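To keep things clear, I will list the structure first and then write my remarks on it.
The values are calculated or read from the model by the stated rules, or taken from the named source; none is laboratory data. Quick caveat: nothing in here was measured; it's all calculated off a predicted structure. Cβ placement follows ideal geometry from the backbone for every residue including glycine, while neighbour counts extend to all protein chains displayed.
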Amino acid sequence: MFESLIGTRSNPVKNIIERGSLKAFSKAIGDESAIYIDEAVGKRSRYGANIAPPTYPRVFDYGEINGFDLPNVGLIHGKQSFHYERPLVVGETVMCSTSLENYYERKGKSGLLGFLILKRYGEEPSGKLIFTEEQVVIITEAVRKGMKS
């Protein structure tokens, strides 16, 4: 389904790590560690500011790949991993993009499943890599059939 888009990448989108958003995210995931939300603790840390929880990049905008349209429902979250070069710091700007790394199909109990391999990037405005996120999205046969019509 997506073979022609393998290797394509969205244009980078500017994201800013805002203190209020970071506090709300920390509360929502049930991890209100002082390094995330207490400004005084952040200032005394080796980073000089609060840092974001490892899964915080889930809230970023990664842009769109032209021609890559997925439904909003019916997808299965297969796997996700993050790799950091350094922590994300409150107040910084992060340029984010996504690429479609691979797509393949496998026969499952409920029919043919599609496996999308996506890689997301978070970089400093200068282009220096901060983190990558890799994820697998599984598309069921029922969803695949609905996408073709």
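Could you list, in sequence order, the residues of segment 115-129 that are farther than 16 Å from His83 by Cα, of a type outside the set (A, V, I, L, M, F, W, C) and crowded, with 20+ Cβ neighbours inside 10 Å?
Hits for segment 115-129: nothing passes.
Could you check segment 120-140 and list, in sequence order, the residues that are among the charged types (D, E, K, R) and over 13 Å from the mean Cα position of the chain (by Cα)? Full working, then the answer.
In the first step, residues of segment 120-140 are kept if they are among the charged types (D, E, K, R); the result is 120, 123-124, 128, 133-134.
Of everything in segment 120-140, those that are among the charged types (D, E, K, R) and over 13 Å from the mean Cα position of the chain (by Cα) turn out to be Glu124, Lys128.
Starting from segment 118-141, keep only residues that are free of Cβ contacts under 8 Å to residues at least 40 places away in the same chain, then list their pairs with residues that are charged (D, E, K, R) and in a strand (DSSP E or B) whose Cβ atoms are within a distance under 7 Å, requiring at least 6 positions of separation or different chains.
Leu118/Glu101; Lys119/Glu101; Lys119/Glu134
Rundown of residues vs (1) out of contact with any Lys or Arg (no Cβ under 8 Å at 6 or more places or on another chain); (2) over 20 Å from Asn15 (Cα atoms); (3) among the β-branched types (Val, Ile, Thr), yes/no style:
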| site | (1), (2), (3) |
| --- | --- |
| Ile35 | yes, yes, yes |
| Tyr47 | yes, no, no |
| Pro57 | no, no, no |
| Glu64 | yes, no, no |
| Asn72 | yes, yes, no |
| Leu113 | no, yes, no |
| Ser126 | yes, no, no |
| Arg144 | yes, yes, no |
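Which of the residues that make up segment 1-31 are assigned to a loop (DSSP other than H, G, I, E, B) and of a type in the set (S, T, N, Q)?
Thr8, Ser10, Asn11
Would you say Leu75 is surrounded by fewer than 17 Cβ atoms within 10 Å (Cβ to Cβ), more than 25 Å from Ile17 (Cβ to Cβ), in contact (Cβ under 8 Å) with a residue 40 or more places away in the chain and out of contact with any Asp or Glu (no Cβ under 6 Å at 6 or more places or on another chain)? I'd like the intermediate steps shown before the answer.
Details: surrounded by fewer than 17 Cβ atoms within 10 Å (Cβ to Cβ): yes; more than 25 Å from Ile17 (Cβ to Cβ): yes; in contact (Cβ under 8 Å) with a residue 40 or more places away in the chain: yes; out of contact with any Asp or Glu (no Cβ under 6 Å at 6 or more places or on another chain): yes.
Yes: the conditions hold for Leu75.
Please enumerate the residues belonging to segment 1-24 that are over 15 Å from Ile65 (Cα atoms), touching an Asp or Glu at 6+ places or on another chain (Cβ under 9 Å) and surrounded by 13 or more Cβ atoms within 10 Å (Cβ to Cβ).
Hits for segment 1-24 are Asn15, Ile17, Arg19, Lys23.
Rundown of residues vs (1) modelled with pLDDT of 95 or more; (2) touching a Phe, Trp or Tyr at 6+ places or on another chain (Cβ under 7 Å); (3) loosely packed, with under 13 Cβ neighbours inside 10 Å, yes/no style:
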{"site": "Leu88", "(1), (2), (3)": "yes, yes, no"}
{"site": "Glu101", "(1), (2), (3)": "yes, no, no"}
{"site": "Arg106", "(1), (2), (3)": "no, yes, yes"}
{"site": "Gly111", "(1), (2), (3)": "no, no, yes"}
{"site": "Val137", "(1), (2), (3)": "no, no, no"}
{"site": "Ala142", "(1), (2), (3)": "no, no, yes"}
{"site": "Lys145", "(1), (2), (3)": "no, no, yes"}
{"site": "Lys148", "(1), (2), (3)": "no, no, yes"}
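Has segment 61-75 got any residue that is modelled with pLDDT of 95 or more, under 20 Å from Gln135 (Cβ atoms) and of a type in the set (D, E, K, R)?
yes
Could you tell me whether segment 22-34 includes any residue that is without any contact (Cβ under 8 Å) to a residue 12 or more places away in the chain and within 21 Å of Glu133 (Cα to Cα)?
Checking segment 22-34: at least one residue is without any contact (Cβ under 8 Å) to a residue 12 or more places away in the chain and within 21 Å of Glu133 (Cα to Cα).
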